[in-house]
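K.L.:
Mind looking over this structure? Questions follow.
What follows draws every value from the coordinates through simple rules; no lab data is involved. Bear in mind that the values here come from a model prediction, so they are computed numbers and not experimental data.
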Amino acid sequence: MISRIGIRNLRTQQLNSFKTVRFNAIRTISTVESTQEDANQILVNQRKNRPTSPHLNIYQPQLTWVLSGLHRVTGVVMAFGFYGLTCTYAATSLLGIPLDSASIISAFAGLPLLAKVGVKASMAFPFVFHGFNGLRHIVWDFGSKLTIPGVYQTGYIVLGLTGLVGSYLTFF
């Protein structure tokens, strides 16, 4: 691979209407023979010396981006849980392993009370939050509550309803 450094610049200047003078400014071009591995190593070394950009730790947490991130995370976690449970049911039925709803319910009933509450809370709160935040997005789709105070108001409503309904589903 040949790396080239340099520029050839041609300029024409007209000094008067009868006479044109051409200036040629030529910079020397140096070439360096290198292999693809050497070029990749140079690139890696350049990237190591680059400063890293500041990330989320320089920003003050705000309700808007925290709820946005939580909405995405709860959606992904619930999707993996749903697909995991579906694939488990499919795999156990194909492999002849006895797994049905009754066995899952009996296993859950055998857990200590604190474990039951923890499992129910870990399922209830993300589900309720994701649902209410989805309704919040639908409100925005209709063009309502799109001001900064409206966004914060709906955010606090979502958090309050998540606490109430999530607690109800967890303990009752």
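K.L.:
Where does the chain land at 222 nm, in deg cm²/dmol rounded to the nearest 500, when only DSSP H runs of n ≥ 4 count, each adding -39500 (n - 2.57), divided by all residues?
P.N.:
Values: 5 runs with 108 residues, N = 172.
Estimated from H runs of four or more residues: -22000 deg cm²/dmol.
K.L.:
Please check: in the Gaussian network model of the chain (C-alpha springs, under 10 Å), which one of Thr31, Thr64, Thr154 has the largest mean-square fluctuation.
P.N.:
Residue with maximal mean-square fluctuation among Thr31, Thr64, Thr154: Thr31.
K.L.:
P(r) tail for the chain, what percent of Cα pairs lie past 19 Å? Present the calculation step by step, with values, prior to reporting the outcome.
P.N.:
Working: 11379 of 14706 pairs.
Cα-Cα pairs in the chain separated by more than 19 Å: 77 percent.
K.L.:
Once you keep just the Cα pairs under 8 angstrom separated by 6 or more residues, what percentage relative contact order results for the chain?
P.N.:
Numbers: 108 pairs, mean separation 30.4, N = 172.
Relative contact order for the chain comes out at 18 percent.
K.L.:
Using alpha carbons only, how many degrees (0 to 90, rounded to 10) separate the axis of helix 63-95 from the longest principal axis of the chain?
P.N.:
Roughly 60 degrees between the two axes.
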